[in-house]
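Report on the structure given below.
Every read-out reported here was derived from the displayed coordinates using simple, explicitly stated rules and does not represent laboratory data. Since we're looking at a predicted model, the values are computed, not measured. Cβ placement follows ideal geometry from the backbone for every residue including glycine, while neighbour counts extend to all protein chains displayed.
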Amino acid sequence: MEQVDVAVIGGGQSGLATAYALRRQGLQPVILEASDRTAGSWPLYYDSLTLFSPAGYSSLPGVPFDGDPDRYPHRDEVVAYLLRYADRLDADIRTGTRVLEVRPDGDSFALTLKGGTQLSARAMVSASGIFGRPHRPALPGLKSFAGAMLYAAEYRAPEPFARQRVVVVGAGNSAVQIAAELGAHAQVTLATRHPVRFARQLTLGRDLHWWLTRTGIYVLPVGRFLRTPPTQLVIDDGRYRAAVTAGAPDRRPVFTGADGSKVTWADGSAEDVDTILLATGYRPDLGYLTPLGALDEHGHPLHREGISLTHPGLAYVGLEWQRSLSSNSLRGVGRDAARIARHLAAHPTRS
């Protein structure tokens with residue numbers, strides 16, 4: 001069985017930032033990325049996705065985003081940036097390598113890969129993100145709905161939905177951005193449990209991220225005190241609030257039932273719907289850690305600020321609110337990665 005120093009499960013922004021931090025601590029990381037590219041899940045996001053943070057606030061450690069720091073990079077720019085970052089990173093990166101399960105192996109970890117290959121790692125970082133496990137809420141009648149149903153992770157572009165009746169469920173950035181984009185091609189309703197909460201992208205000529213950075217809100221270590229993450233604000237440059245106000249999409253409370261092709265609304269009215277699109281967030285995609293006993297009954301990792309509470313050689317990077325508001329963002333993973341790298345460098349099983 002091949003033995004490695006630190007196995008980093010997952011590439012993309014979290015895995016790459018982790019490898020950078022581990023290298024700076026004198027450790028030898030091996031990145032195990034399930035997809036065929038070191039950009040992780042970014043190539044799979046919808047075509048029009050644009051960052052809500054300027055390029056100057058969207059870099060990983062050691063390699064700044066090039067170009068105008070005040071622009072808002074497109075998805076493909078982020079992919080290109082991550083690929084460039086990986087090329088500059090002096091680390092063993094193995095794409096097309098999916099970890100199926102991890103078991104304890106004395107003071108180390110035994111990783112079983114798809115195909116049957118096994119690795120032994122003295123320490124391990126789970127940086128696989130959440131994109132692989134979309135959250136499906138318990139909505140009334142959803143199992144009886146006979147129309148098309150998909151997750152935001154499966155959405156690419158609005159053209160295939162032209163002239164359809166579409167219901168987008170969710171109140172976050174992705175839900176509102178997708179619903180507004182679809183609103184120019186289809187009849188769209190944004191169905192939410194609560195009214196959408198908007199945050200202005202610019203205040204007094206400064207981007208929201210400038211204010212969050214200057215006030216220190218981005219780095220406040222409050223993650224471990226949150227039983228339920230706060231409701232996500234929709235960062236708006238004016239377009240999305242205007243689209244909702246104009247009714248493209250219109251905003252309604254979540255439907256009260258669904259049966260066949262029909263959806264029933266809170267006012268008792270019912271109508272045919274072609275597609276329900278769930279933009280209801282994600283949950284940690286960490287099933288491979290089940291044999292370790294490192295997860296709770298809901299599949300969430302047992303950790304404190306990214307450091308496992310069950311295994312001293314196990315850590316996490318890229319979890320939502322892992323330590324702060326920015327923990328699962330391009331601008332925040334590097335800070336958390338540096339912290340867990342220092343912890344693993346002091347791990348007593350290292351030779």
So the angle from the long Cα axis of helix 333-345 to the longest Cα principal axis of the chain, reported in degrees to the nearest 10, equals 30
Sorted by chain and number, the residues with a modelled amide H under 5 Å from that of residue 101, at a separation of 5 or more or across chains, are 112
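What is the Cα radius of gyration of the range 247-351 over 2.2 N^0.38 Å, N being its residue count?
Rg over 2.2 N^0.38 Å, computed on Cα atoms: 1.63.
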The whole-number value in µm²/s of the Stokes-Einstein translational diffusion coefficient for the range 1-85, with Rh from the Kirkwood sum over alpha carbon pairs at 37 °C and 0.692 mPa s, is 238
Dividing the alpha-carbon radius of gyration of the range 146-299 by 2.2 N^0.38 Å, where N counts its residues, gives 1.22
For the chain, the Cα gyration tensor yields equivalent-ellipsoid semi-axes (√(5λ), largest first, whole Å) of 37, 24, 18
Among GluC sites (Glu not before Pro) in the range 281-351, those in a DSSP loop whose Cβ has at most 16 other Cβ atoms within 10 Å are 297
Contour minus Cα-Cα span, residue 148 to residue 271, at 0.36 nm per residue, comes to 42.8 nm
Sequence order, the range 159-176: Karplus ³J(HN,Hα) from phi using 6.51 cos²θ - 1.76 cosθ + 1.60, θ = phi - 60°, Hz rounded, Gly and Pro as x, gives 4, x, 9, 3, 6, 8, 9, 10, 10, 9, 9, x, 10, x, 4, 5, 4, 5
Along the range 139-153, Karplus-curve 3J(HN,Hα) (6.51, -1.76, 1.60; θ = phi - 60°) to the nearest Hz, with x for Gly and Pro, reads 8, x, x, 4, 5, 8, 6, 9, x, 6, 9, 8, 9, 4, 4
Most packed first (mean Cβ within 10 Å per residue), the peptides 6-12, 329-335 order as 6-12, 329-335
Shape descriptors of the range 210-256 over alpha-carbon atoms, Rg and Dmax in angstrom, are 15.9, 43
For the range 150-222, inverting the pair-averaged 1/r of distinct alpha-carbon atoms gives a Kirkwood value in Å of 14.5
Per DSSP, the loop-located trypsin sites (Lys or Arg not before Pro) within the range 203-300 having at most 13 other beta carbons within 10 Å are 227
Counting only DSSP loop positions in the range 88-142, the trypsin sites (Lys or Arg not before Pro) whose Cβ has at most 11 other Cβ atoms within 10 Å are 114
Phi-derived 3J(HN,Hα) across the range 112-129 with the Karplus relation (6.51, -1.76, 1.60, θ = phi - 60°), rounded Hz, x for Gly and Pro, is 9, 9, 4, x, x, 5, 10, 10, 10, 10, 5, 9, 8, 10, 8, 10, 8, x
The correct pair for the range 57-162, radius of gyration to one decimal and Dmax as a whole number, both in Å and from Cα atoms, is 19.9, 57
